[in-house]
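Participant: First the structure, which I've put down as structure tokens, then a few questions once you've had a look.
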Amino acid sequence: MRLPEEYDDEPKMNVSAVYSIIGVALFIAVILILVLVINHENAGSNSGNPVTPGQDASSNVQAGSESTNPGNIKSPDDLDFWDMYPVESKESEPKEEETKEEVLDPSTDGKHTKVINAAGEEEWVLINQYLTKNNYDFTKLVCQSDIMKYYEEGKLVSYAGVDISEEQDYVDFVKVKKSGIDFVMIRMGARTYSTGQIMEDDYFADNIKRATDAGLDVGVYFFSQAVTEAEAEEEAKTVIKKIKDYKITYPVVFKMSYISNDKSRIDALSKEEKTKIAEKFLETIKNAGYVPMVYGTKEWLIKQVDLTRLNEYDFWLSQPGDLPDYPYKFTMWQYGTSSAIDGIAGQTNLNISFIDYSEK
């Protein structure tokens, strides 16, 4: 039998040695963890950064790529995936300025009309879509012996006219009638543009009598320089008094304009004031049983008065030339201002009416 002390002869592990082994193992584990953490952070930070001059390219390669492609760093131009996004040639793209010019060009957009003022300056004005437009087909307009005629389905539906004042001196209306003229617009009078005095045209009484006797349809116009509604009413009542004994078959016209190369009474009037003056004149004429009408150039009608307030009335457009480009309604057009007609000494104005006012 062995004695208990025999067991003491077997080798025993020193306690301090055990602690040393455990300490070394823990230290190695901590070092490995730190190495793994540092490598992970470096891999994440270098994955999106390009290689800078003097930097080791291999430091930017992620773990595991070193053995398969050591130091082989490709530039963006070398990578195939860039071809997935083709870049269009800038030469084929329209320049931004050219595109804007084409889109915003008022001369081609069909929404503007050109107006030329007295100084010769051009302006493109937006066409008001709420105003009544003219619907004439100007391909049906024919000029015969200097007289404009308008046909529909081969039938003449227009009427030729002249406008007359004391400037034409004596007129042989019989010859005028034979030359193909259907109607005559005679100036009744005018308000002077400086003193404001109402003056009757020197030839008015003689012209209206002899034109009527020659079988011509007759209308009259008054050159206004009224600066108040009261003056406009005074002008209209003067006209009514002067024409009451004659057969007036064409319109009684309100004509207002600036004076070329001189100052006039109406220079300081606003658009609103001019519109109110026109309204008062036209309303007074209408209440007296005559057909009221507004005369004006394209610039005057579009820029100087409010057409939305005058839209119920007829318009006599003055726009010399082969074709008018006034976008809104008009029933008479003064197309010639230096024409020759048999029976009239010198030059006169020619007009076309698209309505036979004698039938109204």
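The values are calculated or read from the model by the stated rules, or taken from the named source; none is laboratory data. Values in this document were obtained by computation on a predicted structure and should not be read as measured data. We place every Cβ from the backbone using ideal geometry, glycine too, and count neighbours over all the protein chains shown.
Participant: Look through 244, 175 and report the one residue that is free of Cβ contacts under 8 Å to residues at least 24 places away in the same chain, surrounded by fewer than 22 Cβ atoms within 10 Å (Cβ to Cβ) and either farther than 25 Å from residue 321 by Cα or assigned by TED's automatic domain parsing to the domain that holds residue 347 (or both).
Facilitator: 244
Participant: With at pLDDT 95 or above and out of contact with any helix residue (DSSP H, G or I) (no Cβ under 7 Å at 6 or more places or on another chain) as the only criterion, which of 198, 243 stands out?
Facilitator: 243
Participant: Is it the case, given these coordinates, that residue 337 is over 25 Å from residue 152 (Cβ atoms), modelled with pLDDT under 95 and buried (at least 20 other Cβ atoms within 10 Å of the Cβ)?
Facilitator: no
Participant: Could you check residue 294 against (1) β-branched (Val, Ile, Thr); (2) under 25 Å from residue 112 (Cβ atoms); (3) surrounded by fewer than 23 Cβ atoms within 10 Å (Cβ to Cβ) and say which number it fails?
Facilitator: With respect to (1) β-branched (Val, Ile, Thr); (2) under 25 Å from residue 112 (Cβ atoms); (3) surrounded by fewer than 23 Cβ atoms within 10 Å (Cβ to Cβ), residue 294 is out only on (3).
Participant: Here's something else I'd like to know. For a quick check of your reading: which strands (runs of 3 or more DSSP E) sit entirely within segment 118-181 and have at least 3 residues that are closer than 23 Å to residue 329 by Cβ and touching an Asp or Glu at 6+ places or on another chain (Cβ under 8 Å)?
Facilitator: The strands (runs of 3 or more DSSP E) meeting that bar are 159-164.
Condition check ((1) at pLDDT 95 or above; (2) of a type in the set (A, V, I, L, M, F, W, C); (3) in a strand (DSSP E or B); (4) within 25 Å of residue 263 (Cα to Cα)) across all residues:
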site: 207; (1), (2), (3), (4): yes, no, no, no
site: 210; (1), (2), (3), (4): yes, no, no, no
site: 215; (1), (2), (3), (4): yes, no, no, no
site: 220; (1), (2), (3), (4): yes, yes, yes, no
site: 234; (1), (2), (3), (4): yes, no, no, yes
site: 248; (1), (2), (3), (4): yes, yes, no, no
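Participant: Looking only at segment 264-286, count every residue that is among the basic types (Lys, Arg) and crowded, with 16+ Cβ neighbours inside 10 Å and tell me the total.
Facilitator: The qualifying residues number 4.
Participant: Return a yes/no flag: does segment 156-168 have any residue that is surrounded by 14 or more Cβ atoms within 10 Å (Cβ to Cβ) and over 25 Å from residue 251 (Cβ atoms).
Facilitator: no
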